[in-house]
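Q: Would you mind keeping the following structure in view while I ask a few things?
The values are calculated or read from the model by the stated rules, or taken from the named source; none is laboratory data. Because the structure is predicted, anything quoted here is derived from the model rather than measured. Cβ placement follows ideal geometry from the backbone for every residue including glycine, while neighbour counts extend to all protein chains displayed. Accessible surface areas use protein heavy atoms only, side chains included; no ligands, DNA or RNA. Shrake-Rupley method; radii C 1.70, N 1.55, O 1.52, S 1.80 Å.
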Amino acid sequence: MKWLMITCKEATYLISKKEENKLTWVSKIKLRGHLAICSMCRRFEQQSGFIGRMAGKMHIHATLSPESKEKMQKTLQDQ
């Protein structure tokens, strides 16, 4: 049973990895067990999911105009 216990550091890593849908079934069980007892990691999971959803929406809607891109490139070249 001790092999199921993971630290908060491991849990946050698994939460981040879960956003990419890359967890094994063993990792899912370990994470679920940790989240059952750790409110801070549950909060991190909620916030991480929220940030991911908002970033996805922003990526779809946020584009620079050609003028803005040119201005940014010129500023970077001048530095």
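Q: Being surrounded by 11 or more Cβ atoms within 10 Å (Cβ to Cβ) and within 11 Å of the chain's Cα centre (by Cα) is true for just one of 7, 12. Which residue is that? Outline the logic, then answer.
A: Working: 7 fails: within 11 Å of the chain's Cα centre (by Cα).
Sole residue among the options that is surrounded by 11 or more Cβ atoms within 10 Å (Cβ to Cβ) and within 11 Å of the chain's Cα centre (by Cα): 12.
Q: Out of all the residues in segment 54-66, is one or more at pLDDT 90 or above and either exposed (fewer than 10 other Cβ atoms within 10 Å of the Cβ) or in a helix (DSSP H, G or I) (or both)? Spell out how you get there, then give the answer.
A: Step one: list which residues in segment 54-66 are at pLDDT 90 or above, which gives none.
No: segment 54-66 contains no residue that is at pLDDT 90 or above and either exposed (fewer than 10 other Cβ atoms within 10 Å of the Cβ) or in a helix (DSSP H, G or I) (or both).
Q: Pull out all pairs, ordered by first then second residue, where Cβ-Cβ is under 7 Å, the residues are six or more apart or on different chains, the first lies in segment 25-43 and is more than 11 Å from residue 14 (Cβ to Cβ), and the second is surrounded by fewer than 16 Cβ atoms within 10 Å (Cβ to Cβ) and at pLDDT 95 or above.
A: Note: pairs meeting the criteria are 38/8; 40/8.
Q: Taking segment 17-53, which residues are open to solvent by 70 Å² or more (accessible area, probe 1.4 Å), more than 20 Å from residue 5 (Cβ to Cβ) and assigned to a helix (DSSP H, G or I)?
A: 46, 47, 50, 51, 53
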